[in-house]
1. If I filter segment 10-21 for residues that are surrounded by 12 or more Cβ atoms within 10 Å (Cβ to Cβ), within 17 Å of Ala143 (Cα to Cα) and of a type in the set (D, E, K, R), do I get at least one hit?
2. Return the residues of segment 38-49 that are over 14 Å from Val110 (Cα atoms) and buried (at least 20 other Cβ atoms within 10 Å of the Cβ); say none if nothing qualifies.
3. What number of residues in segment 105-153 are in a strand (DSSP E or B) and of a type in the set (A, V, I, L, M)?
4. When you go through (1) of a type in the set (Asp, Glu); (2) in a loop (DSSP other than H, G, I, E, B); (3) within 14 Å of the chain's Cα centre (by Cα) one by one for Glu80, which number turns out not to apply?
5. Are any residues in segment 102-122 surrounded by fewer than 15 Cβ atoms within 10 Å (Cβ to Cβ), without any contact (Cβ under 8 Å) to a residue 24 or more places away in the chain and more than 16 Å from Thr61 (Cα to Cα), and if so, which ones?
6. Within segment 31-50, can one find any residue that is in contact with a strand residue (DSSP E or B) (Cβ under 6 Å, 6 or more places away or on another chain) and more than 30 Å from Asp182 (Cβ to Cβ)?
7. Test of understanding: among Thr94, Thr89, Thr72, which residue is of a type in the set (S, T, N, Q), in a strand (DSSP E or B), open to solvent by 70 Å² or more (accessible area, probe 1.4 Å) and farther than 20 Å from Val193 by Cβ?
8. Restricting attention to segment 159-189, report how many residues are under 25 Å from Gly107 (Cβ atoms) and either open to solvent by 60 Å² or more (accessible area, probe 1.4 Å) or modelled with pLDDT under 65 (or both).
Amino acid sequence: MADYATSAELKAQLGITDAVDDTAIASVLTAASKAVREHCGRDFSPAGAAVARVYAPNDDTCLEVDDISTLTGLVVKSDENDDGTYELTWTITTDFIVGPHNALADGEPVTRLSAVGSKGFPVGTMRPTVQVTASFGWVAVPADVKRATLIKAARLFRRKDTPEGVAGGGDFGVVRISRWEDPDVAMLLAPYVRPSRATGWGIA
């Protein structure tokens, strides 16, 4: 999973012009990106090649999926007889539609599939019954997400200047986005939180 900002961007924000703290800069960016990812319950990394993922629907009409950045290469299949083989291929528009409506036109990802027509997602089994092949991720990291990551990373970096703080790989433990410590970060990220997947509020 990629970081949501670059070392050069963080160094510019901190006014750093040398390479002395490059290791710490990289470490805080990774820690901040992970905190943003867990807070929002989604990965903002740019999408790569289409890959297959499997899902267990909660009902036969709607399936929540990971962020999909394009319909190109999208393939949906279902396991109709609970044998672990995805033998039935679904046709977009005829068998399912994507949502939210107009998401891709607005630069946002597809996050759900809705069954239409005569088909329904198989439910009532312990197996994941739907296989989705798609380009998962975002076209680009949203500007507010990048800004939030940089703010959080800068705060983590500055901890090295406090009596109890250090910066470097493995020094942070579990990092969370806190509405008390990070109200600005939480505000920037609020539109991007997927409540059903986010880890919830924590104290960084």
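1. First, pick out the residues of segment 10-21 that are surrounded by 12 or more Cβ atoms within 10 Å (Cβ to Cβ): 10-14, 16, 21.
Of the ones still in play, those that are also within 17 Å of Ala143 (Cα to Cα) are 10, 12-13.
Among the residues that remain, those that are also of a type in the set (D, E, K, R) are: none.
No, the conditions are met nowhere in segment 10-21.
2. Answer for segment 38-49, where residues must be over 14 Å from Val110 (Cα atoms) and buried (at least 20 other Cβ atoms within 10 Å of the Cβ): His39, Cys40.
3. So the first thing to find is which residues in segment 105-153 are in a strand (DSSP E or B), and the list is 110-115, 130-134, 136, 138.
Now restrict to residues that are of a type in the set (A, V, I, L, M): 110, 113, 115, 130, 132, 134.
Result for segment 105-153: 6.
4. It is condition (3) that Glu80 fails.
5. Asn102, Ala105, Asp106
6. Checked segment 31-50: at least one residue is in contact with a strand residue (DSSP E or B) (Cβ under 6 Å, 6 or more places away or on another chain) and more than 30 Å from Asp182 (Cβ to Cβ).
7. Result: Thr89 is the single residue among Thr94, Thr89, Thr72 that is of a type in the set (S, T, N, Q), in a strand (DSSP E or B), open to solvent by 70 Å² or more (accessible area, probe 1.4 Å) and farther than 20 Å from Val193 by Cβ.
8. Summing the residues that are under 25 Å from Gly107 (Cβ atoms) and either open to solvent by 60 Å² or more (accessible area, probe 1.4 Å) or modelled with pLDDT under 65 (or both) in segment 159-189 gives 1.
The values are calculated or read from the model by the stated rules, or taken from the named source; none is laboratory data. Source: prediction; values computed, not measured. No Cβ is skipped: glycine too gets one built from the backbone with ideal geometry, and neighbour counts run over all protein chains shown. Side chains are part of the model used for accessible areas, which takes the heavy atoms of the whole protein and leaves out ligands, DNA and RNA. Shrake-Rupley method; radii C 1.70, N 1.55, O 1.52, S 1.80 Å.
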